[in-house]
Structure formats: C-alpha cells, structure tokens
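The block underneath contains the structure these notes are about, expressed in structure tokens.
The values are calculated or read from the model by the stated rules, or taken from the named source; none is laboratory data. Keep in mind that this is a model prediction, so the values were computed, not measured. Neighbour counts are summed over all protein chains in view; Cβ atoms, including those assigned to glycine, are modelled from backbone coordinates with ideal geometry. Side chains included, ligands, DNA and RNA excluded: accessible areas come from the protein's heavy atoms. Shrake-Rupley method; radii C 1.70, N 1.55, O 1.52, S 1.80 Å.
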Amino acid sequence: MTADVQHDAPTGVWSTLVGQRQAIGTLQRAVSGHGMTHAWLFTGPPGSGRSNAAIAFAAALQCERGTGCGECHACRTALAGSHPDVSVTRSETSMLYIKDMRELVHRSALAPVERRWQVMIIEDADRLGDASGRTGNTLLKAIEEPTPKTVWLLCAPTVEDVLPTIRSRCRNVSLATPTATEVTRFLVQREGVSESVAAFAARASQGHIGRAKALASDELTRNRRREVVALPTGLTSLGACLNAAANLVDIARDETAMLTERSNARDLADLDSLYGDDRKSRASRSYKASLRELQHSQKQREKRRVMDVIDRGLMDIMSVYRDAIALQTGAGGDLVNEEVRDMVADLARRSTPEENIRRIDHVFAAREQMMEFNTTPLLALESMMVSLRIR
C-alpha cells in the first residue's frame, strides 16, 4: 500500500467509514464549530454506513480533544455504546412505536452528564410511521424545540423515507456506496483478510460493509450466498420454481434461528429476573401482561430478521441478472459474481437482455409485495420464481 493511500485513510472515530470522504469532511467541520446544527439526517443505500457515521459523529462531538481522536475515554465509550450522553434507538421490528419516542424525547431534555452534548441517534427514522401519526409528531415537537445541548441524528435510506415535517428541520448528510476497491482495502487493512477473499467479499456485498465483513470472515455465510446465486439458472420448471422459493425462505430462517433463540432466551431471563423467583409474582397479571408483550415483540423481531435476510437474498439474485446483462451487452470489468462467471454466461446464452430486465422488475415487485403489502414471503417468492422461469 502506498504512503499516499495510508495518509489519506480516515483516522480516529472516522476510520470505519469506508468511501465517505465528503461526508466526513462535512461532519468534521461541524465538530469544529462550522455548520453545526441541532438535527441531522444521514441517508444512503443499505450498507453505506448510516448508523456508523452517526455514531462516529456522536463520538466526535463528545471527544475530549474536540477532534474525534478515537483514543480518549469519551470517544471510546461513545463508539462502544456506553457513553451516558449518547442514546441509540434501533428498531428490531418493522416499526418504531410511540412509547419508544416518548422515552427518547424525555431523555433528550436532560442535561448532559459530561456537560458537552446530549446526542440522540435514531437508526431507523423511516420506521416512525403509525396510523395516527403520533409517533412522528412526538419526535417532531422535540426537534422543533430542542434544548441548547441536544443533537438529534436520524438515519434513513433516503430523504423521502422520512416524514416531510421532520426532514425539513434536519441537515442532510448523504452517504455513497463504497467502491469495490475501497471495500477491499478496508477488509485487508482493518480486518486482516487476504486480498483474494477481500476482493470476493467486496464484489459480492455490492458495497454493503457489514455484509462484506460477514462474507470475508464466515464460510457458512459464503456457502449460503452460493446457494442463493445458483437459484436463477435452475428455474426451468414449475416444480423447480416452487422449490427455489421454499429454499430461500429456509435459508433465511436457518440464518436467523440461532440469533433469535439467543435473544429470546436473554429477554425472558431479564423478565424473570425483574419479577424474581416468587410464584405469586410470576402468576400476577402484571407478569402475564409483560410476558405477552415480550412474546409479541419477539415475533415481530423474528419476522423482521427473516425479511432482512430474504431481502438480501433478492439483492443477490438481482446481481446475477445484472451480470448476465453485462455479458450480453459487452460491458467491461469484473462481474459481481465473478467466481461463477460460467454459470452467469450460461444464463446469458439462454436469455435476452430484455428478459433479464423484466426479471429484475419481478424481483422488485416481490420485494414491494412483502415490504409494503405484507404478503406472506413464501407466496410472494413462489409468484416471483415462476416469473423468473427460464423457458
């Protein structure tokens, strides 16, 4: 690696932000007192590092040296999630609820413990919706009338995903999708991954840093992705299409099962600890109501995790069709799925660019059915796979 590249690499709290030089510059100027405001909106495609950028900014605002050094106690605790004046709210279900916002708004009004900033981070500001609009309105009031030492940092895929009344009061920081070269360099330098594995993970993740790290470090994750990208070329009959849909759902459930089991057991242990070992307490209305609420929350969380994995699988399937179009149109450069170029070339020979464009549209339609209209994943995927069939 050249000296110039090493010199240019972000340092301190910014070192984990890949390919975001412009955004980092904006945030560094704000930390130094130029362009600072009380509400920020971090937007960018999945995997671009929206929440990482918000947490890095929060750490820099709390930095004892005022630079985001990454070494002082304030920086380290903010990055680790244990700083008393940095609150991170993330939704593990499909929606952020009004009780979450009320608690957050109450906390935002408190004076900072360490007398710098009270930083409130909302990772899923696009999930503020509810039928009545009360959740968004609760947050809006707090953003409109902040205390002098409160800073709100909201994260969402796009500006349009956030309520107009909220986004109009925020300064937008737009993050870009890192290039494959930038992701490869990050994995080699920061994660100690070999050049070949890093290059594969960078291509396959399509700029999603978290996904790239998982692909680079875990063979099981790589094997599951290989199963998914092999699906398009096998869609030659109705039975194959139905099996492919079921396989994709099974892959998602298998991937989330262990994580869900652990978190559910931890939640139940916390609830039992709260009520103690007394049988009377465990039989009380309060305990039963808390248990029902916990079980409902766990089901919602499991559903979201499964949907997130399915959505990632759909992105991998789309990458195969995009690669096929690249071969069909003579576009240069490496394929996303370079390691299975022969398979992609076979798909390209058996189809036309127009057919593959339509297949990409069918994948997007399936995503919309599941995400927007709450269609059962298996039904949406069966319909999609039939539409992707090779005739």
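The overall shape of the chain is oblate: from the C-alpha gyration tensor, with semi-axes ordered a ≥ b ≥ c, the ratio a/c is 1.5 or greater and a/b is no larger than b/c. Amide hydrogen proximity for A39: with H placed 1.01 Å from N in the peptide plane, the residues at 5 or more positions away or on another chain lying under 5 Å are W152, R171.
Taking the highest mean first, how do the peptides 293-302, 380-389 order by number of other beta carbon atoms within 10 angstrom per residue? Intermediate results must be reported in sequence, preceding the final value.
Working: 293-302: 15.0, 380-389: 20.8.
The peptides rank, most packed first, as 380-389, 293-302.
Between E144 and R350, what is the FRET efficiency for a Förster distance of 41 Å, r being their Cβ-Cβ separation, to the nearest 0.05? Plugging the Cβ-Cβ distance into 1/(1 + (r/R0)^6) gives 0.10.
Using a 1.4 Å probe, what is the accessible area per residue for region 54-168, in Å²?
Per residue, region 54-168 has 47 Å² of solvent-accessible surface.
Rounded to the nearest 20, the size of the Cβ-charge dipole of the chain about its Cα centre is 860 debye, with Lys and Arg at +1 and Asp and Glu at -1.
Only lysines eight or more places from K149 in sequence, or on another chain, were considered; those with a Cα closer than 27 Å are K99, K141.
Across the chain, Cα pairs under 8 Å and at least six residues apart give a relative contact order of 16 percent. Once the Cα atoms of helix 377-387 and of the chain are each reduced to a long axis, what angle between those two axes, in degrees from 0 to 90 to the nearest 10, is obtained? The answer is roughly 30 degrees.
Mean 1/r over all different Cα pairs, inverted: what Kirkwood radius does region 120-222 give, in Å? It would help to have the intermediate numbers written out before the result.
On the way: mean 1/r = 0.0621 Å⁻¹.
Taking every pair of different Cα atoms in region 120-222, averaging 1/r and inverting gives 16.1 Å.
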